[in-house]
Amino acid sequence: MILVQRTTIHEPDLERAMMYDYQCEYCDGTVKPRTVERESFKHKKAFIILEDVTIGVCDRCGNRYYGADILHAVHELATGKRSPEKTEAIPVAHLHPA
């Protein structure tokens, strides 16, 4: 099993709102803010799940965008500079060819 660290990030509403409403780099859609229940990240050998975090999501293709504060928090959690609110174990398996 891999241990997963989970935490909640609280960001200032005004700063977060200024980061959206720009054109998606992959399509003609617009990146809009969306608060998601859980968003997972892979950081080297760690998996981090942020809960109740606002991210950017293209309203057309669904591509996800993350602010620097979110990516810094993921790095801090993965490297132990920041403590998670809780830690959970998840099952891991190898799929063998038939």
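Here, each number is a calculation from the coordinates, and none is a lab measurement. If you're wondering where the values come from, they're calculated on a predicted model, not measured in any experiment. Cβ atoms come from the backbone with ideal geometry, glycine included; neighbour counts cover every protein chain shown.
Using a/c under 1.5 as the rounded threshold, could you call region 21-98 rounded, prolate or oblate? The axes a ≥ b ≥ c are square roots of the C-alpha gyration tensor eigenvalues, and prolate needs a/b larger than b/c, oblate otherwise.
In terms of gyration-tensor shape, oblate.
Close amide H pairs (under 5 Å, H built 1.01 Å from N) link V57 with K32, R34, Y65, residues at least 5 positions away or on another chain. The 3J(HN,Hα) values that the Karplus relation (6.51, -1.76, 1.60; θ = phi - 60°) gives for region 83-98 are, in residue order, 8, x, 6, 7, 10, 10, 9, 10, x, 10, 8, 9, 9, 9, x, 6 Hz. Gly and Pro appear as x.
Across region 29-46, coupling constants 3J(HN,Hα) worked out from phi with the 6.51/-1.76/1.60 Karplus curve, θ = phi - 60°, read x, 10, 7, 10, x, 9, 8, 10, 5, 8, 9, 9, 9, 9, 10, 6, 9, 10 Hz, and Gly and Pro carry x. Per-residue extension of 0.36 nm, minus the Cα-Cα distance of R64 and K86, leaves a gain of 5.5 nm for this segment.
With a cut-off of 15 Å on the backbone N, the residues of region 40-69 near the modelled label site 7 Å out from R34 along Cα-Cβ are 40, 52-67.
From least to most packed, judged by other beta carbons within 10 angstrom and beginning with the fewest, V74, V92 follow the order V92, V74.
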